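The values are calculated or read from the model by the stated rules, or taken from the named source; none is laboratory data. Treat the numbers as computed from the prediction; the structure is a model and nothing was measured. FYI the Cβ positions are ideal-geometry reconstructions off the backbone, even for glycines, and counts take in every protein chain you see. Only protein heavy atoms, including side chains, enter the accessible area calculation; ligands, DNA and RNA are left aside. Shrake-Rupley method; radii C 1.70, N 1.55, O 1.52, S 1.80 Å.
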Amino acid sequence: DGFGRQINYVRLSVTDRCDFRCVYCMSEDMTFLPRQHILSLEELYRIGRVLVSLGVTKIRLTGGEPLIRQNIVWLVQQLAALDGLKELTLTTNGSQLARLAQPLKAAGLDRINISLDSLQPERFLQITRTGQLADVLAGIQAAQDAGFERIKLNCVILRGRNDDEILPLVNFARQQCLDLAFIEEMPLGVITEHQRAQTYISNDEIRQLIDGQYPLLAATDNTGGPARYYRTSDSNTRIGFISP
């Protein structure tokens, strides 16, 4: 680019729609783009093919929720076959993974990130407004059964809403041999249920809390994304922190 950086990692948003309405992301009554304004899967594949020819080696599929896009497995299969693409990954809320994890793996998807903000069913529903924790847990299990490695959980912590689950989420990730990334709430979307200044909690505070229970050692891992990773001496779980 103009700063002399080699751009080799690109995210492709396959839809703006989502089957969740997370309180930190979007309003409960959303107006989405008309379908004719969304790139077709064939157009997305063409973009991916051109990007790879220009030196991109990693593509992440995102949304909205990418797994509610019809025929998403076809797109994964086409992109995964591109000569020169080293890694194809996907970020999902996990609601559709129980039925799609195996087809996605067979199509050539390399890695999956799954959003998980609470381990309490009622609280999970409050945060997502429409999501069921059992569906996401089943999706995580399906991804493990399908053979995905280095599955990562993404978690947004809100003060007063789920900040008491920081250590339980760490413990869950360690028990399940999953990676975990904490993401600071970012000024995106229309928020009506809280003021960000009231719910904001910094990654420094979260890291200090975890470090008190599990001393964190800076890791040298680089996934190409924005997370800074740490490890503990007694686990292979990587704990990452993403700030705006």
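On inspection, E122 qualifies as at pLDDT 95 or above and over 21 Å from K58 (Cα atoms).
Determine, yes or no, whether T130 is open to solvent by 20 Å² or more (accessible area, probe 1.4 Å), at pLDDT below 95 and under 21 Å from G64 (Cα atoms). Criteria met by T130. Being on the phi > 0 side of the Ramachandran plot and either buried (at least 17 other Cβ atoms within 10 Å of the Cβ) or over 18 Å from the mean Cα position of the chain (by Cα) (or both) is a description that does not apply to G63.
Every condition in (1) open to solvent by 40 Å² or more (accessible area, probe 1.4 Å); (2) in a loop (DSSP other than H, G, I, E, B); (3) within 23 Å of I151 (Cα to Cα) holds for C22 except the one numbered (1). Contact map, region 118-135: first residue of a type outside the set (V, I, T), second residue assigned to a helix (DSSP H, G or I) and surrounded by fewer than 16 Cβ atoms within 10 Å (Cβ to Cβ), Cβ cut-off under 6 Å, separation 6 or more or different chains; pairs are L119/P168; L133/P121. Only residues that are out of contact with any Cys (no Cβ under 9 Å at 6 or more places or on another chain) and open to solvent by less than 20 Å² (accessible area, probe 1.4 Å) were counted across region 155-172, and they come to 4. Taking the criterion of being among the aliphatic types (A, V, I, L, M) and touching a Phe, Trp or Tyr at 6+ places or on another chain (Cβ under 6 Å), the only residue of region 120-134 that qualifies is L133. Every listed requirement among (1) polar (S, T, N, Q); (2) part of a loop (DSSP other than H, G, I, E, B); (3) open to solvent by 80 Å² or more (accessible area, probe 1.4 Å) is met by T15 save one, (3).
Only residues that are of a type in the set (A, V, I, L, M, F, W, C), crowded, with 16+ Cβ neighbours inside 10 Å and either touching a Pro at 6+ places or on another chain (Cβ under 7 Å) or modelled with pLDDT of 85 or more (or both): list them for region 25-45, please. Correct list: I38, L41, L44. Of the residues that sit in region 204-229 and are open to solvent by less than 60 Å² (accessible area, probe 1.4 Å) and at pLDDT 95 or above, which one is nearest to the chain's Cα centre (by Cα)? Among those that are open to solvent by less than 60 Å² (accessible area, probe 1.4 Å) and at pLDDT 95 or above, it is I206. Summed over region 31-47, the residues that are more than 20 Å from the chain's Cα centre (by Cα) and either assigned to a helix (DSSP H, G or I) or touching a residue at least 60 places away in the same chain (Cβ under 8 Å) (or both) give a count of 9. Among residues of region 1-25 that are within 30 Å of S53 (Cβ to Cβ), those with a beta-carbon under 8 Å from a residue that is at pLDDT 90 or above and among the polar types (S, T, N, Q) at least six positions away or on a different chain give the pairs N8/T57; Y9/T57; R11/T62; L12/T62; S13/T62; V14/T62.
Going through (1) over 25 Å from G131 (Cβ atoms); (2) open to solvent by 80 Å² or more (accessible area, probe 1.4 Å) one by one, G48 falls short only on (2). Among the residues of region 70-83, what is the count of those that are assigned to a loop (DSSP other than H, G, I, E, B) and either closer than 10 Å to L41 by Cβ or open to solvent by 50 Å² or more (accessible area, probe 1.4 Å) (or both)? Residues in region 70-83 being assigned to a loop (DSSP other than H, G, I, E, B) and either closer than 10 Å to L41 by Cβ or open to solvent by 50 Å² or more (accessible area, probe 1.4 Å) (or both): 4 in total.
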